[in-house]
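Participant: One structure, pasted below without further comment.
The values are calculated or read from the model by the stated rules, or taken from the named source; none is laboratory data. Since the structure is predicted, the reported quantities are computational estimates derived from the model, not experimental observations. Virtual Cβ from ideal backbone geometry, glycine too; neighbours counted across all protein chains shown.
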Amino acid sequence: MVTNLNKIAVLLIILVVVTVGAQAITGTGAHRSSVKFQDSYNVTWSPAYVNLLNEGLTVQLLLNQSSGSGFVSCNKYVFGYFSMQIKLPGNDSAGTVTTYYLSSDELTNKHDELDFEFLGNRSGQPYIVQTNVFAQGIGGREQRIYLWFDPSADFHSYSFLWNQNTIIFLVDDVPIRIFKNNTSLGIPYPSSQPMRLYGSLWNGEDWATRGGLEKTNWTQAPFVASYRNFLVDSSSIASQNSSLHDLWWNRSRFQALNKNQTVKLRWVYQNYLVYDYCTDRARYPVFPSECAVNM
């Protein structure tokens with residue numbers, strides 16, 4: 001009994017550490033948004049599978065055996081803070097892929113991209129979120145974590161902080177990944193190509209759940225992913241413009257994680273990391289050079 005109580009106490013301490021300073025990254029300039037979907041986004045495919053609720057403050061994407069759906073921002077952005085609250089498909093969601101990502105021109109072979117991909121699972125199993133970073137067309141930097149809550153039960157915030165030195169992926173203001181600018185080591189970094197925001201829901205049963213072993217259960221269709229609080233705090237001006245240094249996301253306190261944020265990231269890695277390309281020797285016999293510095 002003492003052992004179990006000790007475990008509970010340790011968990012509570014960790015949760016307090018994760019919560020304290022949760023606004024440290026987003027505390028300056030960021031705020032909840034009342035932007036209406038139709039004012040800032042366009043449907044990219046299957047408009048019949050896109051529903052606007054609350055006068056456009058919430059958008060639902062639907063997926064069935066015929067089609068999925070998606071949207072894209074009207075504007076392009078260079079650096080900033082980007083956040084949406086998303087409620088993922090519930091019940092037996094294996095095979096489904098819900099996305100929220102930033103991407104430059106998809107028609108080029110040197111595009112930049114920052115990805116959240118939410119991989120559905122069988123009922124009762126935790127959701128996996130996969131993140132990836134493309135720079136100058138080079139990707140293959142997947143990391144996967146289990147979410148520590150049920151993301152289909154309610155809305156949760158998923159965010160990017162992107163500046164000239166650092167990219168931070170956040171879940172409810174908890175950092176789950178950091179990717180640093182190491183162009184001095186010959187590692188490409190997204191810095192010059194404006195990117196649009198995208199969201200989509202589609203069938204990825206060939207790979208999404210247990211490498212494609214778990215297929216989509218279409219008796220659960222239509223699957224529904226809901227998005228709201230379309231927060232963008234950014235600028236579309238060229239990254240070389242000196243005035244960017246005056247913007248909050250480029251200030252020194254946002255160039256790296258502080259001590260508490262580093263503790264939170266390590267908590268995620270120690271408890272919820274299920275795949276890291278950095279340790280995949282089958283794919284990368286030579287240790288990727290950025291892995292030594294991205295923590």
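Participant: Within segment 138-165, how many residues turn out to be in contact with a Lys or Arg (Cβ under 8 Å, 6 or more places away or on another chain) and at pLDDT below 95?
Facilitator: Number of matching residues: 1.
Participant: Among the residues of segment 174-204, write down those that are part of a loop (DSSP other than H, G, I, E, B), touching a strand residue (DSSP E or B) at 6+ places or on another chain (Cβ under 8 Å) and of a type outside the set (S, T, N, Q).
Facilitator: Answer for segment 174-204, where residues must be part of a loop (DSSP other than H, G, I, E, B), touching a strand residue (DSSP E or B) at 6+ places or on another chain (Cβ under 8 Å) and of a type outside the set (S, T, N, Q): Ile187, Pro188, Tyr189, Pro190, Pro194, Gly204.
Participant: Would segment 246-259 turn up any residue that is in contact with a Ser or Thr (Cβ under 8 Å, 6 or more places away or on another chain), surrounded by 16 or more Cβ atoms within 10 Å (Cβ to Cβ) and at pLDDT 90 or above?
Facilitator: no
Participant: Kindly indicate which of Phe37, Phe79, Phe71 is at pLDDT 95 or above, under 22 Å from Phe169 (Cβ atoms), within 20 Å of the chain's Cα centre (by Cα) and among the hydrophobic types (A, V, I, L, M, F, W, C).
Facilitator: Phe71
Participant: Sort out which residues of segment 112-126 are at pLDDT 95 or above and either within 10 Å of the chain's Cα centre (by Cα) or part of a loop (DSSP other than H, G, I, E, B) (or both), and write them in order of number.
Facilitator: Of everything in segment 112-126, those that are at pLDDT 95 or above and either within 10 Å of the chain's Cα centre (by Cα) or part of a loop (DSSP other than H, G, I, E, B) (or both) turn out to be Asp112, Leu114, Asp115, Phe116, Glu117, Phe118, Gly120.
Participant: Identify, please: which residue in segment 153-166 is surrounded by 20 or more Cβ atoms within 10 Å (Cβ to Cβ) and over 11 Å from the mean Cα position of the chain (by Cα) and is, among those, nearest to Arg283 (Cα to Cα)?
Facilitator: Trp162
Participant: Something else now. So, in segment 47-77, how many residues would count as being surrounded by fewer than 19 Cβ atoms within 10 Å (Cβ to Cβ), of a type outside the set (A, V, I, L, M) and not in a strand (DSSP E or B)?
Facilitator: 11
Participant: Okay, moving on. So the check is Cβ under 8 Å with 6+ separation or different chains; which pairs have a first residue in segment 178-201 that's more than 27 Å from Asn229 (Cβ to Cβ) and free of Cβ contacts under 8 Å to residues at least 12 places away in the same chain and a second one that's crowded, with 19+ Cβ neighbours inside 10 Å and of a type outside the set (Gly, Ala, Ser)?
Facilitator: Cβ pairs passing all conditions: Thr183/Tyr189.
Participant: Taking segment 214-245 as the region of interest, how many residues are assigned to a loop (DSSP other than H, G, I, E, B), modelled with pLDDT under 95 and hydroxyl-bearing (Ser, Thr, Tyr)?
Facilitator: Looking only at that region, the number is 3.
Participant: Still on this model: Which of the residues belonging to segment 37-46 are surrounded by fewer than 18 Cβ atoms within 10 Å (Cβ to Cβ) and of a type outside the set (Phe, Trp, Tyr)?
Facilitator: Gln38, Asp39, Ser40, Asn42, Thr44
Participant: Determine whether Gly211 is over 26 Å from Leu257 (Cα atoms), free of Cβ contacts under 8 Å to residues at least 40 places away in the same chain and small (Gly, Ala, Ser).
Facilitator: Considered against the rule, which asks whether it is over 26 Å from Leu257 (Cα atoms), free of Cβ contacts under 8 Å to residues at least 40 places away in the same chain and small (Gly, Ala, Ser), Gly211 comes out as yes.
Participant: Still on this model: So in segment 262-290, with the set limited to residues that are farther than 24 Å from Trp148 by Cα and among the hydrophobic types (A, V, I, L, M, F, W, C), which one is surrounded by the most Cβ atoms within 10 Å (Cβ to Cβ)?
Facilitator: Phe287
Participant: Report yes if Phe116 is buried (at least 22 other Cβ atoms within 10 Å of the Cβ), free of Cβ contacts under 8 Å to residues at least 60 places away in the same chain and closer than 24 Å to Val35 by Cβ, otherwise no.
Facilitator: yes
Participant: Now for a separate question. Any idea which residue in segment 119-152 is surrounded by the most Cβ atoms within 10 Å (Cβ to Cβ), counting only those that are of a type in the set (D, E, K, R) and in contact with a strand residue (DSSP E or B) (Cβ under 6 Å, 6 or more places away or on another chain)?
Facilitator: Among residues in segment 119-152 that are of a type in the set (D, E, K, R) and in contact with a strand residue (DSSP E or B) (Cβ under 6 Å, 6 or more places away or on another chain), the one surrounded by the most Cβ atoms within 10 Å (Cβ to Cβ) is Arg141.
Participant: Taking segment 182-213, which residues are buried (at least 18 other Cβ atoms within 10 Å of the Cβ), modelled with pLDDT under 95 and within 22 Å of Tyr146 (Cβ to Cβ)?
Facilitator: If the condition is that a residue be buried (at least 18 other Cβ atoms within 10 Å of the Cβ), modelled with pLDDT under 95 and within 22 Å of Tyr146 (Cβ to Cβ), then Ala208, Thr209 are the ones that fit.
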